[in-house]
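Input: a single structure, listed below in structure tokens.
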Amino acid sequence: MIREVHSHYTKIVNNEETAKFLQSKKVSVNFNKRMSDDELWRIHKQSLKKAPSKKSVKKSLLDLKIELGERMLKKCELCERKCMINRHKTKGFCGVGPNPRVFGAHTHWGEESFITPSATIFFAGCTMKCLYCQNAPESITYKAGEPWNPLMMAEWMKDMRLGGCRNINLVGGDPTPNVPAILKALKLLDVNIPIIFNSNAYCSSKCMELLSKVIDLYLFDFRYFSDACGMKLSDTRNYPEIAARNHKLAVKRGDLLVRVLIIPNHVECDAVPIIKWLAENVKGKAVINVMSQYRPCFKAYNYPEINRCLTSDEFKKVYNLAKKLGLKLI
Ligand code: SF4
């Protein structure tokens, strides 16, 4: 079933296909640093349609993405908060500076079976602030962990692949603020391994463009279907609309695994309509993990509505609906 839905991902794991970032290094692109942002985005859009060259190329699609990523750091709109600040000089909502800090990097044995063992890198800082975050405080404390540069990241990724990991799993916090550094690391990486973008799905359209032809498997949360719940529990505006848009883009551009974390007392307003949306929009093209493991963490103890584990009735209602609607469940 996984091979059927995630054929690209599975083939890279087995070395039968080439990871997208390696293909992007072979797409020839003509640009220079004097060009305006608009010109570069226009060339980027055209270059996404080009096939990789058999010969070595002077400047590649990945080089262009790196240039665009560098420019985004000076006016950041990598996520939908669109702080538009220069991250070399100041910090936005996520608090992440120009370079990543990493608070964990290891082989993860607890992910979904087909992506385990997974070389997982935890970036400090996040674009959302969930009251029940399981990785807090590190995930939302941009000062957590140690600074990592692209070369360290690339060397670590290579070692993990040679050590038997099936994929690189970019997580946090959220990987979104660190996309510019991730692109630079992938430029230095020379082993064939699938790249997983493990995110809350709150990235901007421009960020999604940068990830196109780089990410092999999008591992997206779909957390809320109500704006009010997104604001209340994660201080995040317009979450359902943004997440829906990004899930639709992801399924066109790569493989998609969706995690639906059921939050207690948020079955009718969030989990149930999310399952219905998934059935209408990505059925047969994505694998869905309906997650029962919510437990109160971080600030959830202060909010009675989310200060408990899930009941089996809550879980069964969502899981059975997903099954009935024919979603491919893990
Ligand atoms: S990643 Fe998002 S929250 Fe962070 S600075 Fe950029 S726009 Fe702001």
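For region 194-209, what are the residues that are within 16 Å of residue 61 (Cα to Cα), away from the ligand (no atom under 12 Å from the Cβ) and either crowded, with 24+ Cβ neighbours inside 10 Å or not charged (D, E, K, R) (or both)? Talk me through it step by step, then tell me what you get.
The initial filter retains those residues of region 194-209 that are within 16 Å of residue 61 (Cα to Cα), namely 206-209.
Adding the requirement that they be away from the ligand (no atom under 12 Å from the Cβ) leaves 208-209.
Result: 208, single match.
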Hey, does region 97-116 have a residue that's surrounded by 15 or more Cβ atoms within 10 Å (Cβ to Cβ), more than 16 Å from the ligand (Cβ to nearest atom), touching a residue at least 40 places away in the same chain (Cβ under 8 Å) and part of a helix (DSSP H, G or I)?
yes
Inspect all residues belonging to region 142-164 and state whether any of them is under 29 Å from residue 305 (Cβ atoms), within 14 Å of the ligand (Cβ to nearest atom), under 16 Å from the mean Cα position of the chain (by Cα) and not β-branched (Val, Ile, Thr).
no
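More than 12 Å from the ligand (Cβ to nearest atom) and touching a Pro at 6+ places or on another chain (Cβ under 9 Å), is that true of residue 87?
No: the conditions fail for residue 87.
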From (1) crowded, with 17+ Cβ neighbours inside 10 Å; (2) at pLDDT 95 or above; (3) under 19 Å from the mean Cα position of the chain (by Cα), pick out the condition that doesn't hold for residue 82.
(1)
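Being in contact with a helix residue (DSSP H, G or I) (Cβ under 8 Å, 6 or more places away or on another chain), buried (at least 18 other Cβ atoms within 10 Å of the Cβ) and within 30 Å of residue 188 (Cα to Cα) is the requirement here; does residue 254 meet it? Lay out the reasoning, then the answer.
Values: in contact with a helix residue (DSSP H, G or I) (Cβ under 8 Å, 6 or more places away or on another chain): yes; buried (at least 18 other Cβ atoms within 10 Å of the Cβ): yes; within 30 Å of residue 188 (Cα to Cα): yes.
In short, yes.
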Flagged in region 130-164 as out of contact with any helix residue (DSSP H, G or I) (no Cβ under 9 Å at 6 or more places or on another chain) and part of a loop (DSSP other than H, G, I, E, B), in numbering order, are 134, 135, 136, 137, 141, 143, 163, 164
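State whether the residues of region 282-297 include one that is under 25 Å from the mean Cα position of the chain (by Cα), of a type in the set (Gly, Ala, Ser), assigned to a loop (DSSP other than H, G, I, E, B) and within 19 Å of residue 246 (Cα to Cα). Can you show your working first?
From region 282-297, those under 25 Å from the mean Cα position of the chain (by Cα) are 282-297; that's our starting set.
Then keep just the ones that are of a type in the set (Gly, Ala, Ser); that gives 284, 286, 292.
Those left that are additionally assigned to a loop (DSSP other than H, G, I, E, B): 284, 292.
Next, from what is left, pick out any that are within 19 Å of residue 246 (Cα to Cα): 284.
So far as region 282-297 goes, yes, one or more of its residues are under 25 Å from the mean Cα position of the chain (by Cα), of a type in the set (Gly, Ala, Ser), assigned to a loop (DSSP other than H, G, I, E, B) and within 19 Å of residue 246 (Cα to Cα).
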Check region 237-249 and report whether any residue there is buried (at least 20 other Cβ atoms within 10 Å of the Cβ), of a type in the set (D, E, K, R), assigned to a loop (DSSP other than H, G, I, E, B) and at pLDDT 95 or above.
no
Provide a single number: the residues in region 282-330 that are free of Cβ contacts under 8 Å to residues at least 40 places away in the same chain and either closer than 15 Å to residue 221 by Cα or surrounded by 17 or more Cβ atoms within 10 Å (Cβ to Cβ) (or both).
6
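The values are calculated or read from the model by the stated rules, or taken from the named source; none is laboratory data. Quick caveat, the model's predicted, so the values are computed rather than measured. Cβ coordinates were reconstructed from backbone atoms using ideal geometry, including for glycine residues, and neighbour counts include every protein chain displayed.
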